[in-house]
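Report on the structure given below.
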Amino acid sequence: MTHEMIRECVESVRKGECVAVGVPLKDTVKEVDSTGIVLQTLERSRLWAIQTPQAFPVKVLRKAMMSRIRTRYTALMTRPWSSAPGTRFGC
């Protein structure tokens, strides 16, 4: 991570863009099935590793959070409630 990368992230967010720093992947990546058997080797030239920082305009984050809150609130209010001892409901 360089100062230039951070500066470019800040500039992109100020323009209203979402941005993440990425680097070409150097590792070999395998896709496996549920038993761990290799199905294929993914084409490395098309894969990137996303780094921190990942930056977003505040209005984009606010919209995403409000959408999640509304979805979660609706799910909590429409599911059946239990009075069984020890039953916990979390977010």
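FYI, it's all coordinate maths here, none of it is from the lab. Here the structure is a predicted model, which means the values were calculated and not measured. Note that we place each Cβ from the backbone using ideal geometry, even for glycine, and neighbour counts take in every protein chain shown.
Some points to look at:
- For Thr28, net neighbour charge (Lys/Arg +1, Asp/Glu -1) across residues whose Cβ lies under 12 Å away: 0
- Whole-angstrom gap from the range 2-30 to the range 34-65, using each part's C-alpha centre: 12
- Taken over the Cα atoms of the range 3-78, the convex hull encloses 148 Å³ per residue.
- Environment charge of Cys18, counting only residues whose C-beta is closer than 14 Å and scoring Lys/Arg +1, Asp/Glu -1: +2
- FRET efficiency, Glu4 to Glu43 (Cβ-Cβ, R0 22 Å, nearest 0.05): 0.15
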